[in-house]
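Just below is one structure, and these are the notes that go with it.
The values are calculated or read from the model by the stated rules, or taken from the named source; none is laboratory data. As the structure is a prediction and not an experimental result, all values here were calculated from the model. Here Cβ is always computed from backbone atoms with ideal geometry, including for glycine, and neighbour counts include all displayed protein chains.
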Amino acid sequence: MYKGDTHYVAEGVDVPVVTQGKTLDELAHNIQEAVDLQLEGENLADFNLAPQPSILANLELVLGSHA
């Protein structure tokens, strides 16, 4: 997850999804919905996922320069 110009953006690593949200709460909701839709009707074992998988999110923070 990272902050774009106007929205937060999330990209899936193990599941190929990309989504965005104006807030982190909206982004969390959207990534869960995107993953659910991507996996709908799929055999989770084909993705090497547990029967009840969870989502682990990393937030990319850009540090300011320290002079």
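Observations, loosely collected:
- Of everything in the range 27-67 that is surrounded by 10 or more Cβ atoms within 10 Å (Cβ to Cβ), hydrophobic (A, V, I, L, M, F, W, C) and within 17 Å of residue 2 (Cβ to Cβ), the residue that is nearest to the chain's Cα centre (by Cα) is 31.
- Of all residues in the range 29-49, those that are closer than 20 Å to residue 9 by Cα and of a type in the set (Asp, Glu) have Cβ atoms under 9 Å from Cβ atoms of residues that are surrounded by 13 or more Cβ atoms within 10 Å (Cβ to Cβ) and modelled with pLDDT of 95 or more, 6 or more apart or on another chain, in 33/19.
- Total residues in the range 50-67, condition small (Gly, Ala, Ser) and touching a residue at least 40 places away in the same chain (Cβ under 8 Å): 1
Condition check ((1) out of contact with any helix residue (DSSP H, G or I) (no Cβ under 9 Å at 6 or more places or on another chain); (2) part of a loop (DSSP other than H, G, I, E, B)) across all residues:
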residue: 6; (1), (2): yes, yes
residue: 9; (1), (2): no, no
residue: 20; (1), (2): no, no
residue: 26; (1), (2): yes, no
residue: 33; (1), (2): yes, no
residue: 37; (1), (2): yes, no
residue: 45; (1), (2): yes, no
residue: 53; (1), (2): no, yes
residue: 61; (1), (2): yes, yes
